[in-house]
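The values are calculated or read from the model by the stated rules, or taken from the named source; none is laboratory data. Since the structure is predicted, the reported quantities are computational estimates derived from the model, not experimental observations. Here the Cβ positions follow ideal geometry from the backbone for every residue, glycine too, while neighbour counts run over all protein chains shown.
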């Protein structure tokens with residue numbers, strides 16, 4: 001299969017994407033070796049224009065294969081358990097941005113404490129160890145995380161010596177886009 005047109009590579013949130021401008025003719029080397037006119041195709045981002053200035057952007061509404069690590073980016077709900085969660089606000093908006101095998105958990109609220117804020121280096125299974133994460137207004141170290149790709153959940157455990165120091169947050173992805 002060959003396409004006439006202009007293409008370029010773009011990166012967004014650690015993902016590599018190929019964007020093509022399209023052209024008036026698309027040659028498909030199939031059994032009939034036909035040439036079709038796709039300029040009227042609504043999926044053709046340029047409508048026949050071969051320039052690359054049509055503002056193509058990466059689609060972040062679906063999972064992005066980040067290579068060696070599973071995709072964990074998106075918007076999450078938070079459920080907490082343990083007496084060591086302090087003022088962690090489980091109702092605060094929670095986002096995770098990802099660049100290859102690094103995640104950045106961010107939660108911002110105008111007034112009061114947030115949910116989880118911090119960075120972690122992912123392993124091949126999506127888990128992490130020894131992360132420094134801010135839970136609400138409390139800085140925690142030695143946090144571990146476990147990713148469940150079937151349930152789209154990330155369990156963050158910032159344990160302690162006793163149950164009064166333990167905090168476990170289960171983040172459930174609800175969308176691939178953060179508001």
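Note on the range 85-101: among residues that are touching a residue at least 60 places away in the same chain (Cβ under 8 Å) and farther than 18 Å from residue 174 by Cα, the one that is surrounded by the most Cβ atoms within 10 Å (Cβ to Cβ) is 88.
Return a yes/no flag: does the range 105-115 have any residue that is modelled with pLDDT of 95 or more and part of a strand (DSSP E or B). Scanning the range 105-115 turns up at least one residue that is modelled with pLDDT of 95 or more and part of a strand (DSSP E or B).
Residues that are surrounded by fewer than 14 Cβ atoms within 10 Å (Cβ to Cβ), at pLDDT 95 or above and either out of contact with any strand residue (DSSP E or B) (no Cβ under 8 Å at 6 or more places or on another chain) or not in a strand (DSSP E or B) (or both) do occur in the range 120-133, at least one of them.
Please count how many residues of the range 134-163 are under 21 Å from residue 93 (Cβ atoms) and either touching a residue at least 24 places away in the same chain (Cβ under 8 Å) or crowded, with 16+ Cβ neighbours inside 10 Å (or both). Walk me through how you get there before you give the answer.
Let us first name the residues in the range 134-163 that are under 21 Å from residue 93 (Cβ atoms), namely 134-140, 143, 145, 147, 151-156, 158.
From the residues that got through so far, the ones that are either touching a residue at least 24 places away in the same chain (Cβ under 8 Å) or crowded, with 16+ Cβ neighbours inside 10 Å (or both) too are 134-138, 140, 143, 145, 147, 152-156, 158.
Matching residues across the range 134-163 total 15.
The residues of the range 102-113 that are more than 20 Å from the chain's Cα centre (by Cα) and either on the phi > 0 side of the Ramachandran plot or crowded, with 20+ Cβ neighbours inside 10 Å (or both) amount to a single one, 112.
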